[in-house]
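The values are calculated or read from the model by the stated rules, or taken from the named source; none is laboratory data. From a predicted model like this one, the values you see are computed outputs, not experimental measurements. All Cβ positions, even for glycine, are placed from backbone atoms using ideal geometry, and neighbour counts span all protein chains on display.
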Amino acid sequence: MKIDFKDEAQIIKNNLIKIRRQIHQNPELGFCEFETAKLIKTELERIGIEYTSEIAKTGIFATVHGTSESNKSDKHFLIRADMDALPLQEDTTFEFKSQNDEIFHACGHDTHVTSVLGAAEIIHKYRAHFSGKISFVFQPAEEGSKIYDPTGQISGGALPMIIEAPEIFGSQKNPRFDGILALHIVSGPEPSSQVGHIGVSDGKFTGSADEFLITIKGEGGHASAPHNAVDPIFIASQVYNAIQGFITRKVDPIEPVVFTIGKIDGGFRQNIISETCFMTGTLRTLNSEIRDMLKTELPVLIKSISKSFGGDANIEIYTGYPVGSNDKIINDHIRKVTKSMYGENALFEVDPVLGAEDFYEFGFKNTVPISMFWLGGANQAKGWIGANHSNYFSIDEDAIPIGTSILAATAFSFMNSSFKNN
């Protein structure tokens, strides 16, 4: 019997949209996704899927056991969704817009949860058609949070879940899964971001992201006499420019690297030279060796510039998410099912991005084949092209059953293939 995943997703589309809107109206920040987790558990119970909950506060792990007696297998496939929203005010006119002030699903994690729940329902319905296990992880805090941080670094929810439940997620030496999959909804004017389009890329796909907290220390004084003070705001301006210049001279221009200072905070009155100036920013790259080099050499540069003007600097670096790489083994299954269900024109080969993802932590440095694909969500004709992380982010909900069908079909394609991760 051939399963029509596209048709199965359409059958449950209205319920999926209802779920997505409920999550969208009630967004929650990282490690605080209690109502979202409650909704997920209610849906899993309705479907009849067993689960373990409260991993890293709000995380959930659920499993469907295949019951096929033919081609018996102990393969185990994992599909992931992240649950958290962003601290951002929604500026849209949708009737289901966020009801929580300054919290908004501006990166589409409501769609991720919904699509994975839809895939789980279809997979459970047809569990007699595969052998082995297909599991689902609903992860907190992909956007990062300092509410709960057992790792000692900037952490999303993936690492805390792995740390708390090694019996579920395994380790680099003892991985529990044979393949891992996730989707990410994207919106914007690009062709690959339009609803009905799927973006895939083999190899490096998302960048690393490390956070720098820089404190420039000077000596306060009167604005009329800067020669009798050490101006930390002036030093900060020199540091800002020097970092950009340093990267252009030290890094091969073929390599994508970006250091963005997102906040500068110094002074409190127009006629006073302050004693300190604070700078925060992120370092992003697709090259782990360059990442390590810059994390070593940039603090030296920042300190030397500060001292050359009579000041000093303190630099704190918080290690963030690693470079994320997609495995061709998983991607080829995505390509196959996308073309089969939606045609050649639906599939786009896309470039890597410097946005970061902790999804890849589940793959233990690609010990396990792991991949994420872009799910197009924009609709240019309707004006729904608000980009991810903007306060007017928006999607066409027709993307939800498409994501659901590709997740489910890819899982089945993988489970019924000969590949086994040894």
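Only one of Ile243, Ile290, Ile216 is touching a Ser or Thr at 6+ places or on another chain (Cβ under 8 Å), under 30 Å from Ser145 (Cβ atoms) and not acidic (Asp, Glu); which?
Ile216
Any idea which of (1) surrounded by 15 or more Cβ atoms within 10 Å (Cβ to Cβ); (2) hydrophobic (A, V, I, L, M, F, W, C); (3) in a loop (DSSP other than H, G, I, E, B) is the one Ile254 doesn't satisfy?
Unmet condition: (1).
Return yes or no: is Ile243 surrounded by 12 or more Cβ atoms within 10 Å (Cβ to Cβ), assigned to a strand (DSSP E or B) and in the same structural domain as Gly310 (by TED's automatic domain parsing)?
no
Could you check Asp351 against (1) assigned to a loop (DSSP other than H, G, I, E, B); (2) closer than 14 Å to Val323 by Cβ; (3) modelled with pLDDT of 95 or more and say which number it fails?
So Asp351 meets the others, but not (2).
Rundown of residues vs (1) basic (Lys, Arg); (2) modelled with pLDDT of 95 or more; (3) in contact with a helix residue (DSSP H, G or I) (Cβ under 7 Å, 6 or more places away or on another chain), yes/no style:
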{"site": "Phe205", "(1), (2), (3)": "no, yes, no"}
{"site": "Gly221", "(1), (2), (3)": "no, yes, yes"}
{"site": "Ala229", "(1), (2), (3)": "no, yes, no"}
{"site": "Ser237", "(1), (2), (3)": "no, yes, no"}
{"site": "Gly267", "(1), (2), (3)": "no, yes, yes"}
{"site": "Arg284", "(1), (2), (3)": "yes, yes, no"}
{"site": "Ser304", "(1), (2), (3)": "no, yes, no"}
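In the set Asp110, Asp82, which member is closer than 26 Å to Ile162 by Cα, in contact with a strand residue (DSSP E or B) (Cβ under 6 Å, 6 or more places away or on another chain), surrounded by 24 or more Cβ atoms within 10 Å (Cβ to Cβ) and touching a residue at least 40 places away in the same chain (Cβ under 8 Å)?
Every option except Asp82 fails the conditions.
When you scan the stretch 308-324, do you find a residue that is hydroxyl-bearing (Ser, Thr, Tyr), under 17 Å from Ile214 (Cβ atoms) and surrounded by 15 or more Cβ atoms within 10 Å (Cβ to Cβ), even just one?
There is at least one residue in the stretch 308-324 that is hydroxyl-bearing (Ser, Thr, Tyr), under 17 Å from Ile214 (Cβ atoms) and surrounded by 15 or more Cβ atoms within 10 Å (Cβ to Cβ).
Over 30 Å from Gln10 (Cα atoms), part of a strand (DSSP E or B) and without any contact (Cβ under 8 Å) to a residue 40 or more places away in the chain: which single residue out of Thr280, Thr296, Thr248, Thr260 fits that description?
Going through Thr280, Thr296, Thr248, Thr260 in turn, the sole match is Thr260.
Go through the stretch 305-335 and count every residue that is touching a strand residue (DSSP E or B) at 6+ places or on another chain (Cβ under 9 Å) and over 30 Å from Thr410 (Cβ atoms).
14
In this structure, is Thr67 of a type in the set (Ser, Thr, Tyr), more than 25 Å from Pro175 (Cβ to Cβ) and either surrounded by fewer than 15 Cβ atoms within 10 Å (Cβ to Cβ) or at pLDDT 95 or above (or both)?
no
Can you spot a residue in the stretch 312-320 that is of a type outside the set (Ser, Thr, Tyr), assigned to a loop (DSSP other than H, G, I, E, B), touching a helix residue (DSSP H, G or I) at 6+ places or on another chain (Cβ under 8 Å) and more than 17 Å from Ile247 (Cα to Cα)?
Among the residues of the stretch 312-320, not one is of a type outside the set (Ser, Thr, Tyr), assigned to a loop (DSSP other than H, G, I, E, B), touching a helix residue (DSSP H, G or I) at 6+ places or on another chain (Cβ under 8 Å) and more than 17 Å from Ile247 (Cα to Cα), which makes the answer no.
Consider the stretch 172-203. How many of its residues are closer than 30 Å to Asp292 by Cα, charged (D, E, K, R) and at pLDDT below 95?
1
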